[in-house]
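Student: I have a structure I would like to understand better, so I am pasting it below and will then ask my questions one at a time.
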Amino acid sequence: MISAIAGLIEPDRGEVRLKGEIVRGPGPDRGVVFQSYSLMPWLTVYGNVALAVDTVFPDKTKAERDAHTRDTIAMVGLTHAADRRPAELSGGMRQRVAVARALAMNPEILLLDEPLSALDALTRAKLQDEIETIWEREKKTVVLITNDVDEAILLADRIIPLTPGPGATLGPEFRVTLPRPRDRTAINHDPAYKRLRRAITEYLIGIAGERAAEIDDSLRLPDLSPVTALGKPPKAYTDTAKSPIKNRYVEFFQTQKVYPTPKGPLTVVEDFSLLMPKGEFITLIGHSGCGKSTVLSMAAGLADISDGGIILDGREIHTAGPDRGVVFQAPSLFPC
């Protein structure tokens, strides 16, 4: 739907109209932020945003375009990273660049396809507030795609669920009449918020259940059971999983990662030390750009370690290997 409104795809049937005219292609009046960031890897943060500004505002002076670019970068909290390229940024920071690029065009309509899903809570809240401020100041039309009911209630005038695909249709609209500005803490105690949240959640659960009941039983997946379900696992399994190391199965020892930049070395991770016993489940949490993904990339053997080391099951990590399964922030699938 977002791509059709943006003019990036054509509908097979029917039409999309903007101000009474049929949409036949993309235009600067529609700013799009996709779920997966799409940046020019050879350009800096400034260059990616300036590309949009220079294209949409060719009649402005160079100084005016520069000021507009820098103001927009500051809006998403990336002034300190303006000279970095996408490869030097975390996934969350890259998405903030994509948001800045869309806002920099000063579009009449903002089309946001889950733009905040990859961001940490603080940055997500900041951009939610900024989107609402832009809407309040300029009364832009905004279409936001989100899986987060709370985010929708916090930002929207109307919430319109889609029924499960294929053949998805628009469901009933839910009007959000909570007064603005909507304080995150205050609305949690608002009875109207609780009623609305319950109604939306129950509707979504209900239609999902109905669709699940319609699935043809002939399409059932084969029944699979883990090797441990029948009691003692096979000897090959136990031999492979066996390790004499229990308490220091994974060890980060003063791990450091430094990236070269045009302005000199940039230390992203410094003196990171951590011990993990075998079988432990840990979570790394922090603000966008603090080095979380870099730590995982080094542990996966996908990024060189600048200093220190990482030990897995008694062996130092130098390269990638099948003993470490990685799920990236951005999906990386073979399109063919």
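Student: Does at least one position in the stretch 102-109 carry a residue that is buried (at least 23 other Cβ atoms within 10 Å of the Cβ) and of a type outside the set (F, W, Y)?
Tutor: Yes.
Student: In the set G308, G321, which member is at pLDDT below 90 and not assigned by TED's automatic domain parsing to the domain that holds L78?
Tutor: Of the residues listed, the single one that is at pLDDT below 90 and not assigned by TED's automatic domain parsing to the domain that holds L78 is G321.
Student: While we're looking at this one, here's another question. Conditions: (1) buried (at least 21 other Cβ atoms within 10 Å of the Cβ); (2) part of a loop (DSSP other than H, G, I, E, B); (3) among the polar types (S, T, N, Q). T69 meets all but one. Number of the miss?
Tutor: Just one mismatch for T69, condition (2).
This table checks each residue for (1) farther than 23 Å from R96 by Cβ; (2) not in a strand (DSSP E or B).
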| position | (1), (2) |
| --- | --- |
| R248 | yes, yes |
| Q254 | yes, no |
| K257 | no, no |
| G286 | no, yes |
| S297 | no, yes |
| P322 | yes, yes |
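Student: Okay, moving on. Please work out which one of (1) over 30 Å from D29 (Cα atoms); (2) modelled with pLDDT of 85 or more is the condition E210 fails and give its number.
Tutor: The one condition E210 does not meet is (2).
Student: Which of (1) surrounded by 18 or more Cβ atoms within 10 Å (Cβ to Cβ); (2) part of a loop (DSSP other than H, G, I, E, B) does V269 not meet, given it meets every other one?
Tutor: (2)
Student: What pairs come up if the first residue lies in the stretch 1-18 and is touching a residue at least 12 places away in the same chain (Cβ under 8 Å) and at positive phi, the second is of a type in the set (A, V, I, L, M, F, W, C) and part of a loop (DSSP other than H, G, I, E, B), and their beta carbons are under 7 Å apart, counting only those six or more places apart or on different chains?
Tutor: What qualifies is G7/V23.
Student: Same structure, new question: Return the only residue of K257, K235, K263 being within 29 Å of V76 (Cβ to Cβ), at pLDDT below 85, basic (K, R) and outside the structural domain of L127 (by TED's automatic domain parsing).
Tutor: Being within 29 Å of V76 (Cβ to Cβ), at pLDDT below 85, basic (K, R) and outside the structural domain of L127 (by TED's automatic domain parsing) holds for just one of K257, K235, K263, which is K263.
Student: Continuing with the same structure: Have a look at L116, L154, L111 and point out the one that is among the hydrophobic types (A, V, I, L, M, F, W, C), within 21 Å of A6 (Cα to Cα) and at pLDDT 90 or above.
Tutor: L111
The values are calculated or read from the model by the stated rules, or taken from the named source; none is laboratory data. Since this is a predicted model, take the numbers as computed values, not measurements. Positions of Cβ are backbone-derived with ideal geometry, glycine not excepted, and every protein chain shown enters the neighbour counts.
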